[in-house]
1. May I ask you to list pairs of residues, at least six apart or on different chains, whose Cβ atoms are under 8 Å apart, with the first in region 136-149 being touching a residue at least 24 places away in the same chain (Cβ under 8 Å) and in a loop (DSSP other than H, G, I, E, B) and the second being open to solvent by 10 Å² or more (accessible area, probe 1.4 Å) and among the hydroxyl-bearing types (Ser, Thr, Tyr)?
2. Quick one: which residue in VAL67, VAL115, VAL119 is without any contact (Cβ under 8 Å) to a residue 24 or more places away in the chain and surrounded by 15 or more Cβ atoms within 10 Å (Cβ to Cβ)?
3. Between ALA201, ALA210, ALA178, which is more than 20 Å from PHE72 (Cβ to Cβ) and in contact with a helix residue (DSSP H, G or I) (Cβ under 9 Å, 6 or more places away or on another chain)?
4. Could we say that GLY92 is at positive phi, small (Gly, Ala, Ser) and without any contact (Cβ under 8 Å) to a residue 24 or more places away in the chain here?
5. Checking ILE197 against (1) out of contact with any strand residue (DSSP E or B) (no Cβ under 6 Å at 6 or more places or on another chain); (2) within 29 Å of TRP117 (Cα to Cα); (3) surrounded by fewer than 20 Cβ atoms within 10 Å (Cβ to Cβ), which test does it fail?
6. Please specify each residue of region 165-205 satisfying the condition of being over 10 Å from ARG140 (Cα atoms), within 17 Å of the chain's Cα centre (by Cα) and without any contact (Cβ under 8 Å) to a residue 40 or more places away in the chain.
7. Tell me, please, whether a residue that is open to solvent by 40 Å² or more (accessible area, probe 1.4 Å), under 19 Å from TRP177 (Cα atoms) and hydrophobic (A, V, I, L, M, F, W, C) can be found in region 136-150.
Amino acid sequence: EAGVETRSCECGETETREIPALGHDWSGLGCTRCDEKRENPFVDVPNDSFYIDPVLWAVEKSITTGVDATHFAPEATGNRAQVVTFLWRAAGEPVVEVENPFVDVSEDAFFYNAVLWAVSEGITTGISADHFNPYGECNRAQVVTFLWRVANKPEIEAENPFIDVTEDAFYYDAMLWAVENGITTGLDNGTFGPLDICNRAQVVTFLYRADND
């Protein structure tokens, strides 16, 4: 909660300043700063899972509501439409006035505005000039690249820790940025696994870490 601090000087003068609220620091279902608890609405999201905080954060921020009221489907594949929609919602759902270049993105699709925003911001150009492939699977290289572009492509000077990532890869700078900011540490075997498909739990976890780095 917010508060007020009053400090006194030996000269007799006093100074009062407002102290902003810290807010909750959620860890699982409890706050580390107070006794407040929160509910987990999803029966398929274990309270001790690595993605419990990212999932509940995403719900709180209206980035996702799950696949229904009680299921998040964490193991389901994250497709391109879902990923750009999550990013768009995290950005505040901006509406852009640009022409739709994609024949496979209809105006009544839930991801329509998200796709147009992503294209206008240079986050993605689709898989070709006129196809976005909304239901195509998103791999780890693509997700970190989308996030890196949302962050305005920061340059990172760091050593490449992964044996399966070469310097000429399109996602090379994005990977270095993601590692530097704790968004991913790669896989357990010293690889990044750029072509490994991301599931919904991994997508929201990457997004959560990027937003809270």
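1. So the pair list comes out as CYS138/THR77.
2. Just one listed residue meets the conditions, VAL119.
3. None of the other options fit; the residue is ALA178.
4. Considered against the rule, which asks whether it is at positive phi, small (Gly, Ala, Ser) and without any contact (Cβ under 8 Å) to a residue 24 or more places away in the chain, GLY92 comes out as yes.
5. Here ILE197 clears every test but (1).
6. ALA174, LEU176, TRP177, ALA178, VAL179, GLU180, ASN181, GLY182, ILE183, THR185
7. yes
Conditions tested, residue by residue: (1) within 30 Å of ASN139 (Cα to Cα); (2) part of a strand (DSSP E or B); (3) touching a helix residue (DSSP H, G or I) at 6+ places or on another chain (Cβ under 7 Å).
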site: ARG7; (1), (2), (3): no, yes, no
site: CYS11; (1), (2), (3): no, no, no
site: VAL45; (1), (2), (3): yes, no, yes
site: VAL55; (1), (2), (3): yes, no, yes
site: VAL84; (1), (2), (3): yes, no, yes
site: TRP88; (1), (2), (3): yes, no, yes
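The values are calculated or read from the model by the stated rules, or taken from the named source; none is laboratory data. Being a predicted model, the structure only gives us computed values, none of them experimental. Note that we place each Cβ from the backbone using ideal geometry, even for glycine, and neighbour counts take in every protein chain shown. Accessible surface areas use protein heavy atoms only, side chains included; no ligands, DNA or RNA. Shrake-Rupley method; radii C 1.70, N 1.55, O 1.52, S 1.80 Å.
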